[in-house]
Amino acid sequence: MEISEKLQGILITLPSKPGCYIYRNAEGTIIYVGKAISLKNRVRSYFHADSSHDGKTRRLVREIVDIEWIVVGSELEALILEMNLIKKHRPKYNIRLKDDKRYPYIKIHWHESYPKVTVTRQMVEDGSRYFGPYTSAWAVYQTLDALRRIFPYLTCDREITGLDKRACLYFDIKLCIAPCTGAADQAGYRQMISDLMNFLGGHSEDIVTRLEAEMQKASEEMRFEKAAALRDQLKAVSSIIERQKIVFATDYKDSDVLAMARTDGEACVQIFFIRGGKLIGREYFILEGTEDTADQEVMAEFVKQFYTEAANIPEQVMLPQEIEEAKIIGQWLRSRRGGSKVELVVPKEGQPHELVQMAAENASETLQALRAQWQADAHKQEQALGELQFALKLSAPPNRIECYDVSHTQGMATVGAMIVFQQGVPARNLYRKFNIDSASIGSPDDFASMEEMLTRRFRRWRAAQETEPGPGSKKDASFSFLPDLIIIDGGKGQLGRVVKVLKQFGLFDKVPVVGLAKQEEEIFFPYNSQPLLLPRHSQGLYLVQRIRDEAHRYGITAHRARRSKQGLASQLDSIPDIGPARRKALLKHFGSMDKIREAKVEELVAVKGMNQSAAESIKAHLE
């Protein structure tokens with residue numbers, strides 16, 4: 001790709017020090033934040049060989065018009081700065097926890113004489129204790145409703161002196177122990193709140209032991225009303241404990257168990273919270289911006305972002321696979337835990353391994369349920385189609401929408417993807433892929449590939465109109481019907497090629513077409529320089545995004561299948577700077593393509609005839 005003089009000047013002056021780099025687009029918006037041990041080497045790698053990057057990186061590089069960097073003293077400082085910048089700016093090309101607002105926490109106002117319990121969405125260092133984050137505010141309030149019946153904490157705004165003559169109604173219905181009247185002293189009230197915190201933290205054994213002792217003592221002293229109250233409290237605590245699944249019969253490290261499920265461009269991470277050998281709770285989180293990204297990188301980004309938000313860090317984090325930068329992430333978690341060691345482990349057998357497997361199954365089921373929930377909601381689909389009809393000025397709701405995307409690696413194994421949504425849901429039996437002969441169009445050329453795909457699609461439509469199906473046969477529904485709307489994953493350039501094809505077939509006035517640019521999710525119309533922005537939280541925008549993401553997923557899957565059929569050796573031949581001599585040396589040194597693919601850059605450079613540029617090109621291509 002062509003690099004502007006401004007970017008060339010920046011690339012020349014990059015320091016060879018650790019730090020963070022920030023990419024901005026033409027509007028000055030931050031679109032990506034990254035970190036590096038060497039800013040110079042890392043940032044330059046984006047601009048070396050554009051065609052060797054995955055689709056997401058190529059789209060990112062095309063949007064970069066300005067680069068900033070911040071030098072720090074160590075890799076750990078770079079990690080922390082990167083996470084803070086991503087959290088602050090939420091760049092669209094970074095993997096992000098999917099939330100439009102902060103997650104809720106349970107806040108214990110421990111610094112107050114008579115601590116209250118509230119729900120907040122922001123942690124501040126004011127002496128309070130926090131538990132969370134939780135994904136649902138409703139679930140938080142349900143939890144507190146149950147806990148208040150066991151630990152009846154204050155909810156009023158009274159100044160607590162212990163001298164009030166009368167308590168409020170909450171005392172009468174046993175939802176407050178009335179420290180306002182002196183029915184409970186400060187020490188007793190704070191002990192109850194301490195029990196509540198221990199209970200939230202999963203450590204209830206000491207609570208049960210102490211309640212049993214207090215109940216026995218009250219009974220012996222013939223304070224039967226107090227003994228009955230303690231009995232009821234003990235019964236309520238035991239009821240909740242019984243519902244917590246015992247995972248480890250013996251004492252075991254407090255752990256978080258993480259696993260992930262991915263489908264159709266979406267990722268869901270499930271967390272099990274193991275405290276005192278018991279499964280005390282679980283949460284799931286959805287990630288966005290995960291397309292074209294390996295599982296290890298997605299999980300690494302989740303770990304960093306979740307534990308930036310988490311109120312408590314456990315002794316151990318169980319993972320489904322090794323993650324990138326595990327060592328530096330472990331150092332950071334240790335600093336977050338106040339200096340205590342945090343282990344990142346990948347269980348291979350026994351109960352820990354089974355727990356990870358169970359978390360993975362839960363993540364898969366959760367993701368399927370979330371997707372089915374949207375698809376089953378006919379009202380939302382109807383609303384989405386109605387919004388698109390109004391926004392795009394269509395004569396009728398777009399009940400059949402087709403979306404097209406092109407996928408390839410360095411122009412190799414180019415595949416065009418056609419996906420179809422009917423009534424707002426995927427019609428997967430109508431999806432089709434087109435193998436593109438890159439040599440005939442000039443490699444790589446996404447615009448020409450798009451033109452060829454659309455030409456073949458409407459050639460099939462025309463043939464279906466001109467031919468009557470024979471006895472017992474029927475027309476291919478993928479091609480024999482015209483769409484109510486075409487969406488192109490791309491901006492004005494791709495849109496122009498589609499318009500050209502539609503005109504060739506006399507369909508430009510019959511089939512509406514729009515282009516969806518990733519930047520700000522802008523919708524472009526033919527012969528109109530002004531893009532349309534759908535309302536951020538509209539069902540119409542959500543449907544368009546799902547359609548685009550589905551086209552991208554289907555195209556990537558088809559491309560990878562085609563690429564694997566061509567064989568790894570042919571991929572090695574096609575890598576820039578890798579000629580017959582280097583290919584022979586590499587195969588002789590490593591013995592197989594699998595070993596070449598697994599090798600580190602420095603190991604590749606060590607092979608006779610290789611250099612840094614060729615090694616990086618191999619890694620970028622084969623990964």
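Tabulated data
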quantity: Conditions (1) in contact with a Lys or Arg (Cβ under 8 Å, 6 or more places away or on another chain); (2) free of Cβ contacts under 8 Å to residues at least 12 places away in the same chain; number of the one not met by Thr120; calculated: (2)
quantity: Pro104 vs. criteria on the phi < 0 side of the Ramachandran plot, buried (at least 19 other Cβ atoms within 10 Å of the Cβ), at pLDDT 90 or above and in contact with a Phe, Trp or Tyr (Cβ under 8 Å, 6 or more places away or on another chain); calculated: no
quantity: Every residue from region 288-338 that is under 18 Å from the mean Cα position of the chain (by Cα) and among the polar types (S, T, N, Q); calculated: Thr290, Thr293, Gln296, Gln305, Thr308, Gln321
quantity: Residues that are part of a strand (DSSP E or B) and surrounded by fewer than 22 Cβ atoms within 10 Å (Cβ to Cβ), drawn from region 260-270; calculated: Ala261, Arg262, Thr263, Glu266
quantity: Whichever residue in region 99-112 is assigned to a loop (DSSP other than H, G, I, E, B) and of a type outside the set (Phe, Trp, Tyr) and, among such residues, is nearest to the chain's Cα centre (by Cα); calculated: Asp99
quantity: Ile3 at pLDDT 90 or above and closer than 30 Å to His408 by Cα; calculated: no
quantity: Test for Glu301: is it crowded, with 21+ Cβ neighbours inside 10 Å and either in a helix (DSSP H, G or I) or assigned by TED's automatic domain parsing to the domain that holds Asp126 (or both); calculated: yes
quantity: Residue ID - surrounded by the most Cβ atoms within 10 Å (Cβ to Cβ), chosen from residues in region 173-203 that are of a type in the set (D, E, K, R) and modelled with pLDDT of 85 or more; calculated: Asp195
quantity: Residue match in region 370-378 (condition: out of contact with any strand residue (DSSP E or B) (no Cβ under 7 Å at 6 or more places or on another chain), part of a helix (DSSP H, G or I) and over 29 Å from Pro426 (Cβ atoms)); calculated: no
quantity: Scope region 1-51; condition under 26 Å from the mean Cα position of the chain (by Cα) and assigned to a helix (DSSP H, G or I); matching residues; calculated: Leu39, Arg42, Val43, Ser45, Asp50, Ser51
quantity: Ala78 being in contact (Cβ under 8 Å) with a residue 12 or more places away in the chain, out of contact with any Pro (no Cβ under 6 Å at 6 or more places or on another chain) and not basic (Lys, Arg); calculated: no
quantity: Subset of region 526-545 (residues that are under 25 Å from Lys433 (Cα atoms) and either without any contact (Cβ under 8 Å) to a residue 12 or more places away in the chain or of a type in the set (Ser, Thr, Tyr) (or both)); calculated: Tyr542
quantity: Positions within region 54-98 being over 19 Å from Thr29 (Cα atoms), under 21 Å from the mean Cα position of the chain (by Cα) and outside any helix (DSSP H, G or I), in sequence order; calculated: Asp54, Leu97, Lys98
quantity: Only listed residue being modelled with pLDDT under 90, in a strand (DSSP E or B) and assigned by TED's automatic domain parsing to the domain that holds Val544, chosen from Ala464, Ala439, Ala413, Ala396; calculated: Ala413
quantity: Region 62-84, residues that are under 21 Å from Asp292 (Cα atoms) and surrounded by 18 or more Cβ atoms within 10 Å (Cβ to Cβ); calculated: Glu63, Ile64, Glu82, Met83
quantity: Residues located in region 128-152, provided they are in a loop (DSSP other than H, G, I, E, B) and either modelled with pLDDT of 90 or more or more than 18 Å from Gln186 (Cβ to Cβ) (or both); calculated: Ser128, Gly132, Pro133, Tyr134, Thr135, Ser136
quantity: Tally of residues being surrounded by 17 or more Cβ atoms within 10 Å (Cβ to Cβ) and out of contact with any Asp or Glu (no Cβ under 9 Å at 6 or more places or on another chain) across region 525-541; calculated: 1
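The values are calculated or read from the model by the stated rules, or taken from the named source; none is laboratory data. This one's a predicted model, so the numbers in the text were calculated from it and none came from an experiment. Don't worry about glycine lacking a Cβ; one is built from the backbone with ideal geometry, like all the others, and counts go over all protein chains shown.
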